[in-house]
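Each value in this text was obtained by applying a stated rule to the coordinates, not by laboratory testing. Keep in mind that this is a model prediction, so the values were computed, not measured. For neighbour counting, all protein chains shown are included, and Cβ atoms are generated from backbone atoms with ideal geometry for every residue, glycine included.
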Amino acid sequence: MTRVLHFLAGLLNRLVAMPDEDGSLVRHAPSVPIREIAHRFWPYARPYRFWLGVSFLLILLVPAITAAQIWMFKLVIDQVLVPKDFGPFVWIAATYLGLTILAGIVSFADSYLSVWIGQRFLLDLRTSVFRHVQGLSLSFFERSRLGDLLARLTGDVSAIETFVLSGVTRAVAYAAQIAVFAGLLFYLQWELALTALLVVPFVWLAARYFTRLVKQASREKRRRSGALSAVAEESLANAQLVQAYDRQETEVDRFHRQNVATLEAELAATRVKAVFSPVIDVMKVSVALTVIGLGTWELQQGRLTLGGLIVFLTYLGMLYSPIKGASRLTNSLFAATAGAERIIEVLDEQPAVADRQCGKPLGRAEGLVEFQYVSFFYGRNVRNALTDVTFTVQPGETVALVGRSGAGKSTLAKLLLRFYDPAWGSIRLDGIDLRDLRLESLRANIALVLQETLVFEGTIRDNIAYGKSHASERDVIRAAMQADADEFISRLPDGYDTLIGQRGRKLSGGQAQRVAIARAMIREAPVLILDEPTTGLDAESAQKILGPLRRLMSGRTTIVITHNLLTVHEADKIVVLDEGKVVETGIHAELLARGGTYAELYGLHRPPEPQPQLSAVQYR
Ligand SMILES: Nc1ncnc2c1ncn2[C@@H]1O[C@H](COP(=O)(O)OP(=O)(O)O)[C@@H](O)[C@H]1O
Ligand SMILES: [Mg+2]
């Protein structure tokens, strides 16, 4: 006997075992108490509390109507079938029909209302999580995996809906069903009811045991499916790289491994859930058989009518489903907490760059930009990306930043945009420290053109108008003309309505860059940052965008990071960076004469015979 029990216990253990650690790429979210989850997310449900109340009322009505319908059976058996009397049948049938119609109406209203509330809640929550993520600093996006973030915005947000709304609604529904049916059992025959309900604590204990396991399994499942989408996203986003280096098999391998890990977690979760149901079923059948046995005796004693016994069994059957449901509900609530934990983790993420409430608003700036002893390092990096960088750009001036790759030029641009704050020193616009400015006023004063042109999927018009809210059609066309883009756009079959594919695949490099220049143009900002705007282009395209760039730069404070000699020649000042430090400043001729880093950079790549069309050649 003990050996059999031992064997069964071992089997059960094996069935509900968790999968091994898979070295997943996504880390565990911290465990958060249920009370905190409710506290965090209830505000999103609060606007719907009236309709939630209505929905609760409907939920209470449902078991009452069902119980009445079942009671009709007792009447049919005891007053029609047993006495073989047709008389009462007509009114019983009419009542039954009426109840069925009522049940239909209530259940329609109930289902629709609860979905309506749930979807509204989801809409609000998802939008607000998205807004929060949009507000996070660049450092967050550099740290997190896009795929995992997407999984959180979709699946995990729905899990919270389960937790806060449908979960609670179902809990109320189950409680109402249990109260109604258990009450009726006691009303019919209290001794029999007591016997039948003795088993409830055991069902509950079993449920608690499984709940713990399911919580564990569900969390693992979510975590691993987050990792799966992260792997897929990374690999597909780099399709070109993958194919060029013929690494498809490696990618498939990586995807497969992550997929297997997901599968193991899924199977483990399924095993746990699947073992639970049969265990409950065995308990249920034993009780039903006991009741039939005892009920027959009660029937003989005349303490219960035939209709009473049948209806008793029916009510008893109705009772198990909410009890089982309630314990399952605790499971799905725990599964939902896993999702909620991952959302809370995102919501707790604070922007590294804080927009102070008391920040000064700034209208249109004059455009005086000052860097004073600016030092900066990235996250855990020990080496400074910038050290004691000091220079000033007068309003309307153009400063060229040059230096080897990795010297810290783009980092300076990111600091001026306040994607990060300097570790030491300060950056000022019109004499005001950037940290004292409203983020929004700072960025409204800056326009940006980068090396890798950022274009969105959408029409050319949308892409240009993105530079300024409420840009008019005239603004868009004027900007396009100034950027020398109007001509090629007009030649496209759909003109400004042409859809540029994802990441602008349908435009050539030079065309995309001119769209980007038009976007910067439309912004009409006094400060302009150009980060290697010609680097990705061939000599001819680079030459072609110089005109538009000059037009863009005129009258604006410009910081241009460049390898393009022509732009450097025209700069009012050149700042040479090396390993994060300013090593030289001056104009082209001075710096060449000095024979330092700049001369070295310039000399290294000096074209043998300077020719006009070669003046756009890039050097590093
Ligand atoms: N997001 C980042 N996280 C960590 N280190 C970075 C990051 N971006 C740049 N760096 C490092 O900071 C230094 C300066 O980079 P960057 O400003 O991009 O150089 P440049 O634009 O002059 O080529 C480099 O050593 C680079 O590796
Ligand atoms: Mg750079």
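Structure above, values below:
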item	result
When each of Lys221/Lys324; Lys221/Lys506; Lys409/Lys544 is checked by Cα-Cα distance, pairs over 30 Å	Lys221/Lys506
Space enclosed by the convex hull of the alpha-carbon atoms of the range 457-523, per residue, Å³	69
Amide H contacts under 5 Å for Lys573, placed H, 5+ residues apart	Thr398, Ala400
Extension reserve of the Ala179-Ala274 stretch, reckoned as 0.36 nm per residue once the Cα distance is removed	31.4 nm
Simple label model, 7 Å out from Cα along Cβ direction - Tyr187 to Val82, nm	1.8
Projected label distance in nm at Ser321 and Arg247, using a 7 Å step from Cα toward the beta-carbon	5.4
Cα-based helix-to-principal-axis angle, 509-523 vs the chain, degrees rounded to 10	90
Amide H partners (placed H, <5 Å) of Leu437, local residues excluded	Lys360
Residue-by-residue Karplus 3J(HN,Hα) for the range 156-169, coefficients 6.51, -1.76, 1.60, Hz, glycine and proline x	5, 5, 5, 4, 5, 4, 3, 5, 7, 10, 4, x, 5, 4
Per-residue ³J(HN,Hα) for the range 304-314, Karplus 6.51 cos²θ - 1.76 cosθ + 1.60, θ = phi - 60°, Hz, x for Gly and Pro	8, 7, 4, x, x, 5, 5, 5, 4, 4, 5
Where the Cα pairs of the range 343-448 fall when distances are cut into 10 Å bins, in %	13, 44, 32, 9, 1
More than 30 angstrom apart: percent of Cα pairs within the chain	69
Packing-based order for 388-395, 322-329, using average beta carbon neighbours within 10 Å, highest first	322-329, 388-395
Inter-probe distance in nm under a simple model that places probes 7 Å from Cα toward Cβ, at Lys360 and Arg303	8.9
FRET efficiency, 1/(1 + (r/R0)^6) with R0 30 Å, evaluated for Ala237 and Leu153 via beta carbons	0.95
Computed E for Arg594/Asp497 - FRET, C-beta separation, R0 60 angstrom, nearest 0.05	0.70
Integer Hz, Karplus 6.51/-1.76/1.60 couplings in order for the range 373-382, x for Gly and Pro	6, 7, 10, 7, 9, 7, x, 8, 4, 7
